Amino acid sequence: MDSTELAYAGAAEQARLIRDGEASAREVVEATIERIERVDPQVNAYRVVFAERALAEADQADARRASGQERPLLGVPVAIKDDADIAGEITAFGTGAYGEPKRLDSDVVVRLREAGAIVIGKTNVPELTMWPWTTSVTWGAVRNPWGPDRTTGGSSGGSAAAAATGMCGVALGSDGGGSIRYPAALCGLFGIKPQRDRVSLGPDHHDAWNGLTVYGPIARTVTDAAAFLDATADGGPTGGYVAALSEPAQPLRVAVSLKPPQGSLARLGADQRRAVEETADLLRSLGHEVIERQVDLPFQVTVNVVVRYLRGLDHDASTMPRRERLERNTRALAKLGALSPDGWLEKARRAEPRLAQEMNSVFDVADVVLMPIVAGQAPKLTDLTGRGAAWSFNRAATEVAYASPWNVIGQPAASVPAGFDADGLPLAVQLCGRAGDEVTLLRLSAQIEEARPWADKRPPVDAPAALAAA
């Protein structure tokens, strides 16, 4: 297997190749570093790459394998979003206002290392992870490998770009309003937002954005994501998520819901509607019962997101050691958060059970919800830069309108690739599940993947002329 194929193999296959002696951990890491050196100067997925350290850890992984040690992700290079901590390294958080290097790894990084994974680098995010596009004054813009004049989405845009181009085996993302699912959708990847608290945010980021935020994987395949969850998640199924994928698929009731939350400015594009309709047809052909049933998304859902987001942003901004370095729009929105009364936040948190009950009424007649994840194409970077706080906030809310309600109630949801539009940009759909039921989403996503494979589709990122023209 040549280095490009090895880099694109994905976490689960890379782990198998190393385990079976068909490739060494060093070969996998070298292939990944080669991809980074070739592609990342034009994509800008990584803020920092730990090439020398990763090669040393790869040699250690090969020594462990030679001695008979087995770990599920032994030797697999993983990308860490730059809102998670790595001991001895700054967490830049997309800003120039960052502080000193961190003393401890985040819990999720500890779990990945214990599983044998090798941290290859930290990926770029927008300032304080606040936007669904990945640009910042300090660290620049991350370009979409499918259309380099367009955004990868955000805030896990660097992680999505890395996973889409073979610059990691799997990537850590975080999702406070769509930040795993939205970039995955724009980059042709599978991304799952797990149940709240499934993957620890500790030791320093518990209850991020007042309960909206979770950690989870952005991956080339469903199995890669399941392997990530096996390494990092608490309270998973007996035998693990990967093992659960091998169980026979059962017929499910799937509700198709196309309406965004009340009050949203999102307008579903023709291609995005077609992606949902074609996926519904596919699910029917696979033996599932598909019905039309709108999820109850009252205006209060949007209000709930806004209050928790703004208060979370104010908290993050106020804890930055060099707050004077924050961007103008960040300071403006953080100020709005600071002006929001404590009672608004308390009311929003108290409303969550009621909103969950309303949204979950759809599961009286369905096992899974199929809905859009994005309303239109990946925005062009030039359309997103140089805008004021109010415009940016409204655009952000529109971009993640279909994603953010599931953060309010903390339930799992996944972005699943669904082909391409006429411009060659990825399409995707969203699968949403009952509380704690990632297994059903993973199984159904794997069934879609088997019927409509996507991992063999690779972006034209190695075409320097196209990138230069952008």
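The values are calculated or read from the model by the stated rules, or taken from the named source; none is laboratory data. Nothing here was measured: the structure is a model prediction, and the numbers come from that model. Positions of Cβ are generated from backbone atoms using ideal geometry, with glycine treated the same way; all protein chains shown enter the neighbour counts.
Take D281 and tell me if it is surrounded by 14 or more Cβ atoms within 10 Å (Cβ to Cβ), in contact with a strand residue (DSSP E or B) (Cβ under 9 Å, 6 or more places away or on another chain), under 17 Å from L427 (Cα atoms) and of a type in the set (D, E).
Details: surrounded by 14 or more Cβ atoms within 10 Å (Cβ to Cβ): no; in contact with a strand residue (DSSP E or B) (Cβ under 9 Å, 6 or more places away or on another chain): yes; under 17 Å from L427 (Cα atoms): yes; of a type in the set (D, E): yes.
No.
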Q.
Taking the condition of being touching an Asp or Glu at 6+ places or on another chain (Cβ under 9 Å), in contact (Cβ under 8 Å) with a residue 40 or more places away in the chain and more than 23 Å from A141 (Cα to Cα), how many residues in the stretch 77-101 meet it?
A. 0
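Would a scan of the stretch 133-149 turn up a residue that is among the charged types (D, E, K, R), farther than 25 Å from N210 by Cβ and under 19 Å from the mean Cα position of the chain (by Cα)?
Narrowing the stretch 133-149 to residues among the charged types (D, E, K, R): 143, 149.
Right, trim to farther than 25 Å from N210 by Cβ and you get 143, 149.
Checking the rest, the ones that are also under 19 Å from the mean Cα position of the chain (by Cα) come to 143.
Looking for residues that are among the charged types (D, E, K, R), farther than 25 Å from N210 by Cβ and under 19 Å from the mean Cα position of the chain (by Cα), one finds at least one in the stretch 133-149, hence yes.
Please tell me if D149 is charged (D, E, K, R), modelled with pLDDT of 95 or more and surrounded by fewer than 24 Cβ atoms within 10 Å (Cβ to Cβ). First the steps, then the outcome.
Working: charged (D, E, K, R): yes; modelled with pLDDT of 95 or more: yes; surrounded by fewer than 24 Cβ atoms within 10 Å (Cβ to Cβ): yes.
So D149 passes the test.
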Q) Which number in (1) touching a Pro at 6+ places or on another chain (Cβ under 6 Å); (2) farther than 25 Å from T165 by Cβ; (3) hydroxyl-bearing (S, T, Y) marks the one condition that Y98 misses? A) (1)
Q) Quick one: what pairs do we get from the stretch 277-301, first residue at positive phi, second assigned to a helix (DSSP H, G or I) and surrounded by 18 or more Cβ atoms within 10 Å (Cβ to Cβ), C-beta under 8 Å, 6+ apart or different chains? A) none
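Pick out the one residue from S361, S445 that is surrounded by 22 or more Cβ atoms within 10 Å (Cβ to Cβ) and either without any contact (Cβ under 8 Å) to a residue 12 or more places away in the chain or in a helix (DSSP H, G or I) (or both). Break it down into steps so the answer makes sense when it comes.
Values: S361 fails: surrounded by 22 or more Cβ atoms within 10 Å (Cβ to Cβ).
Step by step, each of S361, S445 is checked, and only S445 is surrounded by 22 or more Cβ atoms within 10 Å (Cβ to Cβ) and either without any contact (Cβ under 8 Å) to a residue 12 or more places away in the chain or in a helix (DSSP H, G or I) (or both).
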Q. Taking the stated definitions as given, is G337 closer than 14 Å to N210 by Cα, among the small types (G, A, S), modelled with pLDDT of 95 or more and crowded, with 18+ Cβ neighbours inside 10 Å?
A. yes
Q: Could you figure out which of (1) of a type in the set (D, E); (2) farther than 22 Å from V125 by Cβ; (3) in contact with a helix residue (DSSP H, G or I) (Cβ under 8 Å, 6 or more places away or on another chain) isn't true of D82?
A: (2)
Q) Within the set of pairs 6+ apart or on separate chains, which have a first residue in the stretch 4-30 that is free of Cβ contacts under 8 Å to residues at least 60 places away in the same chain and aliphatic (A, V, I, L, M), a second that is surrounded by fewer than 24 Cβ atoms within 10 Å (Cβ to Cβ) and not in a helix (DSSP H, G or I), and C-beta atoms under 8 Å apart? A) L6/A23; L17/M1; L17/A23; I18/S24; I18/L74; A23/M1
(Q) Given the criterion surrounded by 24 or more Cβ atoms within 10 Å (Cβ to Cβ) and closer than 24 Å to W131 by Cα, identify the matching residue among A227, A184, A231. (A) A184
Q. Taking the stretch 367-393 only, how many residues are over 20 Å from A141 (Cα atoms) and buried (at least 21 other Cβ atoms within 10 Å of the Cβ)?
A. 7
(Q) Looking for something assigned to a helix (DSSP H, G or I), farther than 23 Å from I90 by Cβ, over 25 Å from the mean Cα position of the chain (by Cα) and of a type in the set (V, I, T) - is there at least one such residue anywhere in the stretch 19-41? (A) no
(Q) Restricting to the stretch 85-132, count the residues that are of a type in the set (V, I, T), surrounded by fewer than 24 Cβ atoms within 10 Å (Cβ to Cβ) and assigned to a strand (DSSP E or B). (A) 1
Q.
Tell me which strands (runs of 3 or more DSSP E) are completely within the stretch 156-255 and hold 3 or more residues being under 28 Å from L286 (Cα atoms) and in contact (Cβ under 8 Å) with a residue 40 or more places away in the chain, or say none if there are none.
A. 190-193, 214-219
Q: Quickly run through the stretch 378-408 and pick out the residues that are within 17 Å of D149 (Cα to Cα) and not charged (D, E, K, R).
A: A378, P379, L381, T382, L384, T385, G386
Q.
Looking at (1) at pLDDT 95 or above; (2) under 21 Å from A164 (Cα atoms); (3) not in a helix (DSSP H, G or I), which one does V369 not meet, given that it meets all the others?
A. (2)
